[in-house]
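The values are calculated or read from the model by the stated rules, or taken from the named source; none is laboratory data. Keep in mind it's a predicted model, so treat the numbers as computed, not measured. Every residue, glycine as well, gets a Cβ built from its backbone with ideal geometry; the counts of neighbours run over all protein chains shown. Protein only, heavy atoms only, side chains kept; ligands, DNA and RNA dropped before computing areas. Shrake-Rupley method; radii C 1.70, N 1.55, O 1.52, S 1.80 Å.
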Amino acid sequence: MMVNLLLNSSLFPSISPLTNYSSHAQHLLRTHTKAKTQTRTRTKPNCLTVMMVAAKTDVQKEDIVIVGAGIAGLATALSLHRLGVGSVVLEQAESLRTGGTSLTLFKNGWRVLDAMGVGNELRPQFLEIQGMVIKTEDGRELRSFKFKDEDESQEVRAVERRILLETLAKQLPQNSIKFSSKLSKIERMEGGETLLELVDGTKLSAKIVIGCDGIRSPIAKWMGFSEPKYVGHCAFRGLGSYPNGQPYEPKVNYLYGRGIRAGYVPVSPTKVYWFVCFNSSSPGPKITDPTILKQEARELIKNWPTELLDIIDLTPDTTIIKTPLVDRWLWPTTTPAASSGGVVVVGDAWHPMTPNLGQGACCALEDAVVLAKKLAPAVQSGETTSVEHAFKSYGDTRWERVFPLTARANLVGNLLQWENPLVCDVRNNVLIPKVVRLGPLLEHTNFDCEAL
């Protein structure tokens, strides 16, 4: 099993800076819901309360409210929209959150985007990755693979998060996304509806609430989920910029050291994503100064091949981040269900996983389309029990998929962060060059998805 897990370490992108909005995204920005005159304050998740309250009259009535306008939230809203079901998306930020680097989509992610009708709009903007090369920290090549040799149907592209979010958002009806809408309180109402109160005092009563509010999800915490667990390593990530064209072939480049691994992959003709992952007993202090982040990342790999150092040097300040890697294992007997009454969680809010398989975004997209297909007919039937059955079916179906992937991603990361010199020598001289096969490592990217 260790051999089969070893290679699949796509510590891949997550976010990208805001530059140009599409015209529709700009419209969304101009028409976002503005806070009332009181000053908005940051509200900690533990301020959320659960209680039974009588129905109130000074609230906005909504059928479906999605909390969070990230990948999971926008994909869920679009999937429901394609099936004739409307929703309102609440986003706490003042605009689409498009800072950071990028993310990687394998064929399962592209099949979902095709089902939503946006795959062909995205493909021309990003390079198709042909394969991968694995090297030691001194640049010695250990092995190379071509994705199509193992699976002719495989499709791998690194995608800028900014562009993906804007593409999903502009497919939604105007004013679907309500910005500056940070959740302050959630309450169970008599009759089964859920009351959402925002920090600006706005109150919404929803028949269905879909929590797509990320790794530190207040919705998930309200439902009884534990905080995601730190796995023992952190990652620097960035997006190198080459206005006159980047020089690299369309393949993933991995470099393995002792307790440190790094890599880079072209995203587009002018962008290259990179990462440096390192062991750390604690997440350490939060650092946002890009100069310090670059210095720390460079120091970790100062004697490694120069091309990686060059990419870091060409990374704009707005695209470099440092994050602790976390996950949550959905143990079948101790973890809460994916839904509670009319509330359900999707993506990182439910199953945060480490990026070692490159499946975080792909699984969020899968969640969205599976939930929409089960929920849409239940909503259209108008029966509460049908919605609850749809939620349970979604949870059961997706648990079988995401629990093994979360565990596998964790194990892959731990194996690839080995520090013992003897173990690293065996990895570099025996396992990778002579034993590892790529085919079995891509089986988890198989996912059937019909058009919505």
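Each residue in the range 150-168 was checked for being surrounded by fewer than 21 Cβ atoms within 10 Å (Cβ to Cβ) and either within 23 Å of T318 (Cα to Cα) or without any contact (Cβ under 8 Å) to a residue 60 or more places away in the chain (or both), and 3 pass. Only one entry in G119, G131 is open to solvent by less than 10 Å² (accessible area, probe 1.4 Å) and free of Cβ contacts under 8 Å to residues at least 24 places away in the same chain, namely G119.
Residues that are hydrophobic (A, V, I, L, M, F, W, C) and open to solvent by 40 Å² or more (accessible area, probe 1.4 Å) were ranked within the range 331-345; the one that is farthest from S87 (Cα to Cα) is W331. Would you mind stating whether I219 is in a strand (DSSP E or B) and either among the basic types (K, R) or crowded, with 23+ Cβ neighbours inside 10 Å (or both)? When the stated conditions are applied, I219 does not pass them. Within the range 294-312, being touching a residue at least 60 places away in the same chain (Cβ under 8 Å), out of contact with any Phe, Trp or Tyr (no Cβ under 7 Å at 6 or more places or on another chain) and open to solvent by less than 50 Å² (accessible area, probe 1.4 Å) holds for I301, W304, P305.
Restricting the search to the range 339-359, which residues are in a strand (DSSP E or B) and of a type in the set (V, I, T)? Of everything in the range 339-359, those that are in a strand (DSSP E or B) and of a type in the set (V, I, T) turn out to be V343, V344, V345.
Scanning the range 406-429 for residues being open to solvent by 10 Å² or more (accessible area, probe 1.4 Å) and within 21 Å of the chain's Cα centre (by Cα) gives a total of 5. Of everything in the range 313-327 that is surrounded by 21 or more Cβ atoms within 10 Å (Cβ to Cβ) and assigned to a loop (DSSP other than H, G, I, E, B), the residue that is nearest to the chain's Cα centre (by Cα) is I320.
Flag not set for G284, criterion: in a loop (DSSP other than H, G, I, E, B), out of contact with any Gly (no Cβ under 6 Å at 6 or more places or on another chain) and within 24 Å of R161 (Cα to Cα). Within the range 273-288, restricting attention to residues that are at pLDDT 95 or above and of a type in the set (G, A, S), the residue that is least open to solvent (accessible area, probe 1.4 Å) is S280. Across the range 178-198, the qualifying residues are those that are of a type in the set (D, E, K, R) and in a strand (DSSP E or B), and the one among them that is least open to solvent (accessible area, probe 1.4 Å) is E187. For the residues T291, T270, the requirement of being closer than 22 Å to L105 by Cα and either among the acidic types (D, E) or open to solvent by 10 Å² or more (accessible area, probe 1.4 Å) (or both) singles out T270.
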